[in-house]
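A short worksheet on the structure shown next.
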Amino acid sequence: MYISVTNRRFIAIWLSAILLIMSVAASAHSVEHIDEGAKTHCTLCFHQHQFDQVLPQQDANLEFIYQQYDVIITVQPTLILSHSVTYLSRAPPASL
């Protein structure tokens with residue numbers, strides 16, 4: 001099934017808008033439970049907490065990868081140019 005470019009763009013805009021709204025709603029919902037204890041959380045928060053505990057959590061150690069390069073020194077040859085005329089025109093015969 002082929003979806004035109006305008007339809008894809010329309011779907012992408014709506015999906016990104018829904019994602020933005022849901023992220024704000026999830027943040028606002030988690031703020032509701034700050035003063036409550038752990039036992040009064042709703043089912044959504046309980047499952048979110050379980051999901052967060054399933055994923056492994058560890059410190060991110062990102063080592064820098066340094067790019068290696070070879071230094072190449074090229075010596076330019078010295079070129080000496082001198083002016084020389086290579087055009088020999090034909091002149092009229094010299095009279096004796």
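Read-outs: derived from the displayed coordinates by stated rules, not from any lab. What you see is a predicted model; the values in this text were computed from it and never measured. Because the Cβ atoms are built from the backbone with ideal geometry, glycine has one as well, and the counts that use them run over all protein chains shown.
The modelled label-to-label distance between T86 and R9, using points 7 Å beyond Cα along the C-beta direction, is 6.1 nm.
Couplings 3J(HN,Hα) of the stretch 65-78, computed from phi: 9, 8, 7, 9, 8, 9, 8, 10, 9, 9, 9, 7, x, 7 Hz, in residue order, whole Hz [Karplus 6.51 cos²θ - 1.76 cosθ + 1.60, θ = phi - 60°; x for Gly and Pro].
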